[in-house]
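Everything below concerns the one structure shown next.
The values are calculated or read from the model by the stated rules, or taken from the named source; none is laboratory data. It should be emphasised that the depicted structure is a prediction, and the values quoted were computed from it without experimental measurement. For neighbour counting, all protein chains shown are included, and Cβ atoms are generated from backbone atoms with ideal geometry for every residue, glycine included. Protein only, heavy atoms only, side chains kept; ligands, DNA and RNA dropped before computing areas. Shrake-Rupley method; radii C 1.70, N 1.55, O 1.52, S 1.80 Å.
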Amino acid sequence: MSTPETMRAVRMHRHGGPEVLQVAEVAVPAPGPGEALVRVAAVALNNTDLWTREGAYGRPGDPAALSGWRGPVDFPRTQGADVAGQVVAVGAGADAGLVGLRVVIDPASYDGDGPDAHPVGLMGSERDGGYAGYVTAPADQVHDMTGSPLTDDQLATLPTAYGTALGMIERGGLREGETALVSGASGGVGLALVQLARARGGRVLAISSGDKIAAVRDAGADVVVDRAHDVVEQVRSTAPDGVDVVLDVVAGDLLGDGLPLLREGGRWVVAGALGGHEVAFDVRRLYLHNAQVVGSSMHTRAHFGLLMDLARRGEIEPVVAATFPLEDAARAQEELARRAHVGKLVLRP
């Protein structure tokens, strides 16, 4: 397949507000050895886009340091971890049979070659991402989705939100028949958690508010508690015997106040800090009840493979809240930060 020499890309040259996102005409990247070149059909937005742009991740020993997902950002940087598109070329040593396939990219960089290696980098932060016409990726992380019934927009919502959600569920060991509590349930990861936990056979309690409650219930939650009121008391009255697994992207006071909600041997899995990253809790609630607090950062290769299998079979149905043209990336990020929507926001190059 022939490709143009240049493309539009949205790049940032420094940390800051949405104004640092600038549309530019740049060279189409060439796939290196073992890489594929993907023409971007859709790229979804995530909170990590906001925090990388702001430099809000901090560093070990220096939480106030400006940083991308896993360290200093090399500028200029093209954001966008979540890409669906078509392979148009491959580099030396990569499988030429990929060319022409409709694909989703696993955006993680890993600390090893095995299926359970940990993610230590992310497309759009540690390497250029999909806010562009084309993007390169390791060929072995390009997944064939040609037969999936999901649209390109829906496929683009999967890597970070659903990958993070499935990683949380796997690390939390959620089993059929157990009760799961999902925080931040109207967001991208939250809705993914509701759908995936329900598909796993769990009883799903979810936390949301206002006019988003109905959408969360429609996504598969058995019970939705209103975060505008006392969440802990609502959960306790709904699940008087306790909760087996909490799937939490909020942390903050919810973790500190809610830890006693866990049953004996319960697991509290944290993959975000929308409610605050500094938490205080009574440690006796852990050791006296054999409870666990588990950190979960995205997914492993094995988790991502399971997710792609679900998507090929159409067993999940991502919610796309709105789409924007690529040049409106800054406006789309502003909309994401307002958190007035339910589901995912998507850019189309």
Would you pick out the residues in the range 226-238 that are more than 28 Å from V346 (Cβ to Cβ) and open to solvent by 10 Å² or more (accessible area, probe 1.4 Å)? D226, A228, H229, D230, V231, V232, E233, Q234, R236, S237, T238
Between V43, V28, V23, which is touching a Ser or Thr at 6+ places or on another chain (Cβ under 7 Å), among the aliphatic types (A, V, I, L, M), surrounded by 14 or more Cβ atoms within 10 Å (Cβ to Cβ) and touching a residue at least 24 places away in the same chain (Cβ under 8 Å)? V28
Take A280 and decide whether it is small (G, A, S), surrounded by fewer than 18 Cβ atoms within 10 Å (Cβ to Cβ) and part of a loop (DSSP other than H, G, I, E, B). yes
Close pairs from the range 54-70: first on the phi > 0 side of the Ramachandran plot and touching a residue at least 60 places away in the same chain (Cβ under 8 Å), partner open to solvent by 80 Å² or more (accessible area, probe 1.4 Å) and part of a loop (DSSP other than H, G, I, E, B), Cβ under 9 Å, at least 6 apart: none
Residues satisfying the stated conditions in the range 57-91, i.e. over 28 Å from R312 (Cα atoms), hydrophobic (A, V, I, L, M, F, W, C) and either at pLDDT 95 or above or surrounded by 19 or more Cβ atoms within 10 Å (Cβ to Cβ) (or both): W69, V73, F75
Could you tell me whether the range 309-326 includes any residue that is farther than 28 Å from G114 by Cα, of a type in the set (S, T, N, Q), in a strand (DSSP E or B) and out of contact with any Ser or Thr (no Cβ under 9 Å at 6 or more places or on another chain)? yes
For the range 227-244, pairs from a residue that is basic (K, R) to a residue that is open to solvent by 20 Å² or more (accessible area, probe 1.4 Å) and in a loop (DSSP other than H, G, I, E, B), with Cβ under 8 Å and 6 or more apart or across chains, are R227/S209
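Checking the condition of a type outside the set (G, A, S) and either open to solvent by 60 Å² or more (accessible area, probe 1.4 Å) or touching a helix residue (DSSP H, G or I) at 6+ places or on another chain (Cβ under 9 Å) (or both), which residue from L255, L307 passes?
On inspection, the qualifying residue turns out to be L307.
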